[in-house]
Amino acid sequence: MSLRIYNTLTRRKDEFRPLNPGKIGIYTCGITAYDYCHVGHARSAVVFDVITRFLRYRGFEVTYVKNFTDIDDKIIAKANDLGVNTAAISERFIAEHDRDMDALGIVRPTVTPRATENIDGMIALIERLLEKGHAYVVDGDVYYAVESFPGYGKLSCRNIDEMMAGARVDVDERKRNPLDFALWKASKPGEPWWESPWGRGRPGWHIECSVMSQRYLGETFDIHGGGEDLIFPHHENEIAQSEGATGKPLARWWVHNGFVRVNSEKMSKSLGNFATIREMLKDWHPEVMRLFMISSHYRSPVDFSPSSLAEARSGMNRFYATLKLLKDMKGAMGEAAPEGRDTELAARLDELRGRFVEAMEDDFNTARALGYVFEAARTVNAHLGEVRPPGGGSAPAAVRAAEGFFSEIGGVLGLFGEDPDEYFRLDREREAAKRGLETGEIERLLHERREARAAKDWQRADEIRRRLAAWGIAIKDAPEGTTWHFA
């Protein structure tokens, strides 16, 4: 099956062929660096991280560019409130962004340009737009004239009259059209500025992405991505700027991830349901968050709620239970099972790997692809349960085949990177903290229960089991010891 990707511009799923064989250029819009990253940033980051990982897995050389907006009204306002310069604000929150992305297991982009590093390129692009009649100057400001670009609205599938009626636009009587947007803003007292042919000022928001994407990927590149909320006006304006200057398509595919909701409501600070990545990571393992975000197709909306994340945690625990089984069996390698049974498992995993790839090549359908990974876990559990002799031996070839499968697929999805024992230790600590418990107290009770069982004090042992069960803790007794987890 060939790779097919949904294109927001054409409103259909088309067969993907890169502009340059074997190479793919991707640009996504990054954060405005004035505050901590929220779960909306996490969704977009995970989506394009998995897309990039998969394309590289399929043998493409991917150049992934993701920018930082480090000059903006919000950055200026925060800097003024705190009495520092804008660079201090933007550099602080760029560093915080990197910390959050690293915690989520996001592979760093190939290039992460800053807007302030590309001012000369923005001025040059604005000059080209003025020369071509796509822009005009008013009192040191430069505006893009949307009516000069016949294709304006083609990405959002709206005409100019509809956009004028429905879009929230800045009221400025100096504009020829209310939809015209700023390419360059004349400086105001107390604001950073750069010299330009139109006087001191700073760039508008939209112009930076046109410049940075084309600087690193060329005038036309393969994939432009971002959240669905950026389709209009940001990406629409990027197209107008870039194509108005070059006469060439900016991106061949436009790929957008769906909205994020929290408890079925739109996420916003005003509603008080705004959740930062670092707040979420206090309660949930990073891989649980990743699994939740890729359990739905990237174009679908996702709803962050305790119940949906708890479901993702349950799924992640099932995966790590399989990885724990593999680790334990590898540590106790003994007499191998008949070779035919190991070959049977390897063949089944190869089949599931192929189905995984087919699902991912169908517009990066992680929801369907994950189904095959869960099926692989069930298959491995059943197979190893059959071939594992009572003495604790195992089938080395089967273990190696299963380890290889999960390592390979985990590399694509950004999952299964934790040692299983460490994963469950962290999971127990997080769950205990959420329930107001301490793992030390739980371990003390388990130790007391072991002593009661050794002394054949079954009544006391049962009392402790019931007490732990009341806390939501399940325990499992095995020859090698007792383990516990939160149900």
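With +1 on each Lys and Arg Cβ and -1 on each Asp and Glu Cβ, and nothing else charged, work out how big the dipole of the chain is about its Cα centre, in Debye to the nearest 20.
The calculated dipole for the chain is roughly 780 debye.
For the pair LYS456 and ASP98, what calculated FRET efficiency results from E = 1/(1 + (r/R0)^6), where r is the Cβ-Cβ distance and R0 = 60 Å, to the nearest 0.05?
0.60
Would you mind computing, in nm to one decimal, how far apart the modelled labels at LEU82 and THR112 are, each placed 7 Å from Cα along Cα→Cβ?
With each label point 7 Å from Cα toward Cβ, the separation is 1.7 nm.
Please list, or write none, the aspartates and glutamates whose alpha carbon is within less than 12 Å of the alpha carbon of LYS13, excluding same-chain residues fewer than 8 places away.
Cα-Cα hits under 12 Å: GLU361, ASP362, ASP363.
Which entries in LYS154/LYS175; LYS132/LYS185; LYS66/LYS175; LYS66/LYS282; LYS23/LYS248 show an alpha-carbon gap greater than 24 Å?
In this structure, LYS66/LYS175; LYS66/LYS282 exceed 24 Å between Cα atoms.
May I ask you to list the lysines whose Cα is less than 18 Å away from that of LYS78, ignoring any residue fewer than eight positions away on the same chain?
Within reach: LYS188, LYS269.
What FRET efficiency would be calculated for the residue pair PHE374, ASP139, taking the C-beta separation as r and a Förster radius of 51 Å, to the nearest 0.05?
0.25
Going by amide H atoms built from the backbone, whose H comes under 5 Å of the H on ASN273, apart from near neighbours?
SER268
Can you work out the FRET efficiency for the pair ALA275 and HIS485, with r the C-beta to C-beta distance and R0 = 30 Å, to the nearest 0.05?
0.70
Whole-Hz Karplus ³J(HN,Hα) for segment 463-476, in order, using 6.51 cos²θ - 1.76 cosθ + 1.60 and θ = phi - 60°, x for Gly and Pro?
4, 5, 4, 5, 5, 5, 4, 5, 8, x, 10, 9, 10, 10
Using the Cα gyration tensor of segment 1-132, with a ≥ b ≥ c the square roots of its eigenvalues, what is the shape: rounded (a/c below 1.5), prolate (a/b larger than b/c) or oblate (neither)?
It is oblate, given that a/c is not under 1.5 and a/b is not larger than b/c.
Starting from the 7 Å offset along Cα-to-Cβ, what nm value, one decimal, do you get for the label separation of GLU438 and GLU131?
About 7.2 nm separates the two model spin labels.
Convert each backbone phi in segment 58-70 into a coupling constant with the Karplus relation 6.51 cos²θ - 1.76 cosθ + 1.60 (shift: θ = phi - 60°), then list the ³J(HN,Hα) values in order as whole Hz, x for Gly and Pro.
In residue order, the calculated couplings are 7, x, 7, 8, 9, 9, 10, 10, 9, 8, 10, 7, 10 Hz.
Restricting to DSSP H runs of at least four residues, report the calculated mean residue ellipticity at 222 nm for the chain, -39500 (n - 2.57) per run over all residues, nearest 500 deg cm²/dmol.
That comes out to -16000 deg cm²/dmol.
Residues of segment 111-131 with amide nitrogen under 19 Å from the 7 Å Cα-to-Cβ point of THR220?
The answer is none, because no backbone nitrogen lies closer than 19 Å to the label point.
Hey, rough spin-label estimate for GLU422 and TRP194, points 7 angstrom out along Cα→Cβ, what's it come to in nanometres?
Result: 4.2 nm between the two label points.
Using the Karplus curve 6.51 cos²θ - 1.76 cosθ + 1.60 with θ = phi - 60°, work out ³J(HN,Hα) for each residue of segment 120-135 in order, rounded to whole Hz, and write x for Gly and Pro.
3J(HN,Hα) across segment 120-135, in whole Hz: 4, x, 5, 4, 5, 5, 5, 4, 5, 5, 5, 4, 8, x, 8, 9.
At 0.36 nm per residue, and after removing the present C-alpha to C-alpha distance, how many nm does the segment from GLU408 to GLU463 gain when stretched out fully?
Result for the pair: 15.3 nm of gain on full extension.
Each reported figure results from applying straightforward, stated rules to the coordinates on display, with no laboratory input. This structure is a prediction, so every number in the text was calculated from the model and none was measured. Please note: Cβ atoms are built from the backbone with ideal geometry, for glycine as well, and neighbour counts cover all protein chains shown.
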